[in-house]
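The values are calculated or read from the model by the stated rules, or taken from the named source; none is laboratory data. Fair warning: this is a prediction, and the values are worked out from it, not measured in the lab. Quick reminder, even Gly has a Cβ in these numbers, built from the backbone with ideal geometry, and neighbours come from all protein chains shown.
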Amino acid sequence: MLDKFYIDGSWVEPVSKASMPIMNPALNEQIGTVSLGNEEDVNRAVAAAKTAFESYSRTTKADRLEGLNRLLDETKKRLDDLAHAISTEMGAPITMARNSQAHCGIGHLKWFIKALESQEEREVLPNGDILTREPIGVCGLITPWNWPINQIALKVIPALATGSTCVLKPSEHTPLSAQIYAEIVHEAGYPAGVFNLVYGDGPTVGSALSRHPDIAMMSFTGSTRAGVQVTKDSADTVKRVTLELGGKSPNLVFADCDLETRVAESVAGCFYNTGQSCNAPTRMLVERSCYDKALEIAAAAGAAQRVGDPSEEGDHIGPLFDQIQYDRVQALIQAGIDEGARVLVGGLGKPEGLEKGWFVKPTIFADVSPDMRIARQEIFGPVLVMMPFDTEEEAVRLANDTEYGLAAYLQTGDEARAERVVPQLRAGGIHINGCDSGYGSPFGGYKQSGNGREGGIFGLEDFQELKVRPPFRA
């Protein structure tokens with residue numbers, strides 16, 4: 001039972017008496033209980049962070065780099081613990097949980113260290129004025145269940161790196177990995193109050209953080225709906241708000257690409273993490289001249305996608321994370337069928353032999369039109385929609401025909417085409433021919449996919465204030 005919060009350097013009893021079960025989605029069984037905080041618990045954590053900020057904000061960059069390197073050592077020690085926690089609580093297959101999910105805590109940290117090393121805290125502007133970068137203050141951090149350590153690392157590490165202090169509200173559905181991360185921070189020797197953790201739900205703990213007058217910044221990752229609420233709750237205190245929200249990412253496939261490889265890998269990319277990634281390439285837009293061939297390749301790749309027990313090593317995908325998500329994905333698959341899309345692979349129900357947990361059939365729809373629900377709504381499951389286009393201009397128009405703008409994918413063998421198309425795509429990250437951006441690059445979106453950027457030097461800047469002054473003259 002996770003019945004304590006990490007506040008002011010110690011594990012303490014919560015004021016709130018509320019709790020909820022921790023579930024294993026592969027078995028649909030309760031594996032524990034987590035306490036849920038209230039506004040008073042938040043107030044205790046914020047007070048500790050506010051007090052700690054007075055001294056921690058005055059630490060040197062060398063001090064903070066030393067702390068981050070200790071944090072790196074401790075994270076490496078607990079990598080397997082993080083992986084098994086993530087696999088158990090949200091269903092990521094253990095190989096992927098270790099190599100991708102948990103490893104994010106190491107990859108992001110290494111590049112935040114490099115970013116802090118390279119950042120100038122004081123510089124002279126061209127006009128002779130002096131610019132300094134300073135920690136923003138107490139930060140409220142709200143993270144989701146689908147990439148729990150990835151998002152915790154992208155928020156906690158820059159707070160620690162810049163001299164800010166923080167209160168983390170991880171997803172109440174994935175508290176096991178968050179608990180381990182709090183233990184890692186503690187073992188790294190951070191002063192009491194610099195990092196605090198309170199479990200709880202969004203309407204209670206999340207809103208209490210967002211409304212709190214002593215919090216200078218809110219950093220939120222989750223649904224667009226919840227991000228809007230965080231922004232509204234934060235408005236009265238005029239705090240900084242950064243948001244990483246939903247996506248419905250297009251994948252433009254031109255006939256001049258290596259079709260066999262690019263389509264098969266695109267299907268796997270959509271299904272990765274059981275489709276529960278905000279930047280998944282869920283809309284495949286295919287040049288009409290190769291559309292039928294792309295459907296054949298996609299159908300074969302989809303049929304070959306294995307689904308199985310997340311506790312077993314391998315490259316299969318696991319279950320969706322809970323019944324609510326399962327029901328939502330099933331409803332959207334039904335909507336695709338009702339609206340006339342053609343099911344290439346998968347469909348309704350669970351894969352044979354996997355009826356106990358929240359497993360779904362990897363599903364591919366063909367002949368989808370842009371106005372269908374499955375083409376416009378974020379499904380957050382292993383569901384791919386495919387539609388043809390005739391011209392490059394139409395491909396760009398279809399790609400941008402969404403309220404989101406987190407990522408876009410491009411498959412082409414023509415570098416000149418890539419250079420033409422990329423500037424026209426309204427998305428924060430572009431993936432070309434299977435190549436992704438690495439740790440240390442900025443991650444974030446356009447439009448209703450959010451604002452601000454996470455990772456590397458740009459992730460540090462969101463946690464800093466700029467101060468300018470003239471040079472001293474007697």
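Restricted to segment 25-44, and to residues that are small (Gly, Ala, Ser) and within 24 Å of the chain's Cα centre (by Cα), which residue is farthest from residue 167 (Cα to Cα)? Please lay out each step first, then the result.
Just the residues of segment 25-44 that are small (Gly, Ala, Ser), to begin with: 26, 32, 35, 37.
Narrowing the set further to residues that are within 24 Å of the chain's Cα centre (by Cα) leaves 26, 35, 37.
Details: 26: 31, 35: 16, 37: 12 Å.
Only one residue tops the list, namely 26.
Kindly indicate whether residue 272 is in contact with a Leu (Cβ under 6 Å, 6 or more places away or on another chain), surrounded by fewer than 22 Cβ atoms within 10 Å (Cβ to Cβ) and at pLDDT 95 or above.
Against the criterion (in contact with a Leu (Cβ under 6 Å, 6 or more places away or on another chain), surrounded by fewer than 22 Cβ atoms within 10 Å (Cβ to Cβ) and at pLDDT 95 or above), residue 272 does not qualify.
Which residue out of 193, 206 is assigned to a loop (DSSP other than H, G, I, E, B) and among the small types (Gly, Ala, Ser)?
The conditions single out 193.
Any residue that is part of a loop (DSSP other than H, G, I, E, B), touching a helix residue (DSSP H, G or I) at 6+ places or on another chain (Cβ under 8 Å), modelled with pLDDT of 95 or more and crowded, with 17+ Cβ neighbours inside 10 Å - is there at least one of those in segment 447-455?
Yes - at least one qualifying residue is present in segment 447-455.
Just need a number here: residues in segment 352-366 that are loosely packed, with under 15 Cβ neighbours inside 10 Å and out of contact with any Leu (no Cβ under 7 Å at 6 or more places or on another chain).
3
Checking the condition crowded, with 17+ Cβ neighbours inside 10 Å and either free of Cβ contacts under 8 Å to residues at least 40 places away in the same chain or more than 30 Å from residue 381 (Cα to Cα) (or both), which residue from 49, 92 passes?
Testing whether each residue is crowded, with 17+ Cβ neighbours inside 10 Å and either free of Cβ contacts under 8 Å to residues at least 40 places away in the same chain or more than 30 Å from residue 381 (Cα to Cα) (or both) leaves just 49.
Could you list, in sequence order, all residues of segment 152-180 that are surrounded by fewer than 24 Cβ atoms within 10 Å (Cβ to Cβ) and either among the polar types (S, T, N, Q) or free of Cβ contacts under 8 Å to residues at least 24 places away in the same chain (or both)?
179, the sole residue that qualifies.
Confirm whether residue 95 is in the same structural domain as residue 210 (by TED's automatic domain parsing), farther than 28 Å from residue 46 by Cα and in a helix (DSSP H, G or I). Step through it out loud before you land on a result.
Working: in the same structural domain as residue 210 (by TED's automatic domain parsing): yes; farther than 28 Å from residue 46 by Cα: yes; in a helix (DSSP H, G or I): yes.
Yes: the conditions hold for residue 95.
Could you list, in sequence order, all residues of segment 361-375 that are in contact with an Asp or Glu (Cβ under 8 Å, 6 or more places away or on another chain) and basic (Lys, Arg)?
If the condition is that a residue be in contact with an Asp or Glu (Cβ under 8 Å, 6 or more places away or on another chain) and basic (Lys, Arg), then 373 is the only one that fits.
Tell me yes or no: at least one residue of segment 426-439 is charged (D, E, K, R) and at pLDDT 95 or above.
yes
Give me a count of the residues in segment 250-276 that are in contact with a helix residue (DSSP H, G or I) (Cβ under 9 Å, 6 or more places away or on another chain) and not in a helix (DSSP H, G or I).
Looking only at that region, the number is 9.
Which residues, taken from segment 310-344, are in a loop (DSSP other than H, G, I, E, B), closer than 26 Å to residue 20 by Cβ and among the acidic types (Asp, Glu)? Reasoning before the result, please.
Residues of segment 310-344 in a loop (DSSP other than H, G, I, E, B): 310-316, 318-322, 339-341.
Of the ones still in play, those that are also closer than 26 Å to residue 20 by Cβ are 310-311, 318-322.
Across segment 310-344, the qualifying residue is only 322.
Could you grab the pairs with beta carbons closer than 9 Å, sequence gap of 6+ or different chains, first residue in segment 355-367 and in contact (Cβ under 8 Å) with a residue 24 or more places away in the chain, second one surrounded by fewer than 24 Cβ atoms within 10 Å (Cβ to Cβ) and among the acidic types (Asp, Glu)?
Filtered contacts from segment 355-367: 356/29; 357/29; 357/309; 358/322.
Please give the number of the condition residue 62 fails out of (1) aliphatic (A, V, I, L, M); (2) crowded, with 20+ Cβ neighbours inside 10 Å; (3) farther than 20 Å from residue 143 by Cβ.
Only one criterion is unmet by residue 62, namely (2).
When you scan segment 113-135, do you find a residue that is under 20 Å from residue 80 (Cα atoms) and in a helix (DSSP H, G or I), even just one?
Within segment 113-135, none of the residues are under 20 Å from residue 80 (Cα atoms) and in a helix (DSSP H, G or I).
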